[in-house]
Amino acid sequence: MLGRLNHIAIAVPDLAKAAELYRGTLGANVSDPQKLPEHGVSVVFIELPNTKIELLEPLGEGSPISPFLQRNPDGGMHHVCYEVDDIIDARDKLRKTGARVLGSGEPKVGAHGKPVLFLHPKDFTGTLIELEEV
Ligand code: CO
């Protein structure tokens, strides 16, 4: 079911500061910030030779990453994103195993314009998993 690692996401309290840390101190290629109101986050992507890192900052009231940042005020690893060929097929197979899909279970359009779903961290060794159809 799983394809390539698409990205690792890190939640941060200050996106501009974190972007500058990666750009300046770590010498990485960092995209311009992008607001994703449907997901309650602002993001930048860091392009690495073999994958991407997504930096996430809360956007608006009730951002889904706000509770995480309350527990981890300096920021921290928030989720990993794996690629799948068919997100509906993957969702249905996972549900049959008892795995919980977050939200309505209908894919949303993610930061790359592709359908995404999130899986409950308690079902996957304490790690929030994003699936992205590619
Ligand atoms: Co992501």
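The values are calculated or read from the model by the stated rules, or taken from the named source; none is laboratory data. The shown structure was predicted, so the numbers you read here are calculated from the model rather than taken from an experiment. Neighbour counts are summed over all protein chains in view; Cβ atoms, including those assigned to glycine, are modelled from backbone coordinates with ideal geometry. Side chains included, ligands, DNA and RNA excluded: accessible areas come from the protein's heavy atoms. Shrake-Rupley method; radii C 1.70, N 1.55, O 1.52, S 1.80 Å.
Roughly speaking, to the nearest percent, how much of the stretch 54-99's 1.4 Å accessible area is carbon and sulfur? Mind showing how you got there, number by number?
Details: 1260 of 2620 Å².
That fraction is 48 percent.
Indicate, rounded to the nearest 5 percent, the antiparallel portion of the DSSP beta bridges found entirely in the stretch 5-133.
On the way: 25 of 36 bridges.
Counting only bridges with both partners in the stretch 5-133, antiparallel ones make up about 70 percent.
Could you tell me the relative contact order of the stretch 75-134? Use alpha-carbon pairs under 8 Å, at least six residues apart, and round to a whole percent.
On the way: 94 pairs, mean separation 26.1, N = 60.
For the stretch 75-134, the relative contact order is 44 percent.
For Thr125, Thr51, the ranking by accessible surface with the largest value first comes to Thr125, Thr51, using a 1.4 Å probe.
From the protein chains alone at 1.4 Å, what is the descending order of accessible area for Val134, Val84, largest first? Numbers along the way, then the final one.
Details: Val134 80, Val84 5 Å².
The most accessible residue leads, giving Val134, Val84.
Each residue of the stretch 74-79 was assigned a 3J(HN,Hα) from its phi angle through the Karplus curve 6.51 cos²θ - 1.76 cosθ + 1.60 (θ = phi - 60°); the sequence is 7, x, x, 5, 9, 7 Hz, with glycine and proline shown as x. Ligands, DNA and RNA aside, Glu133 has an accessible area near 50 Å² when probed at 1.4 Å.
GNM remark for the chain: springs join alpha carbons under 10 Å apart, and the peak mean-square fluctuation among Asn50, Asn29, Asn72 falls on Asn50.
Which length gain, in nm to one decimal place, applies between Asp14 and Lys122 when the Cα-Cα distance is subtracted from 0.36 nm times their residue separation? Mind showing how you got there, number by number?
Working: separation 108, 0.36 × 108 = 38.88 nm, distance 2.73 nm.
Separation in residues times 0.36 nm, less the Cα-Cα distance, equals 36.1 nm.
So what is the relative contact order of the stretch 5-133, in percent, for Cα pairs below 8 Å that sit 6 or more residues apart?
Relative contact order of the stretch 5-133: 24 percent.
Label-to-label distance, Val80 versus Ala28, with points set 7 angstrom from Cα along the beta-carbon direction: 1.6 nm.
Using R₀ = 30 Å, calculate the FRET efficiency as 1/(1 + (r/R₀)^6) where r is the Cβ-Cβ separation of Arg100 and Glu61; round to 0.05.
Details: r = 25 Å, r/R0 = 0.83.
So, using R0 = 30 Å, E works out to roughly 0.75.
Take the chain with all the other protein chains still there, run a 1.4 Å probe, and you get 57 Å² of accessible area per residue. Summarising the overall dimensions of the chain from its C-alpha atoms, the Rg and Dmax are 14.7, 46 angstrom.
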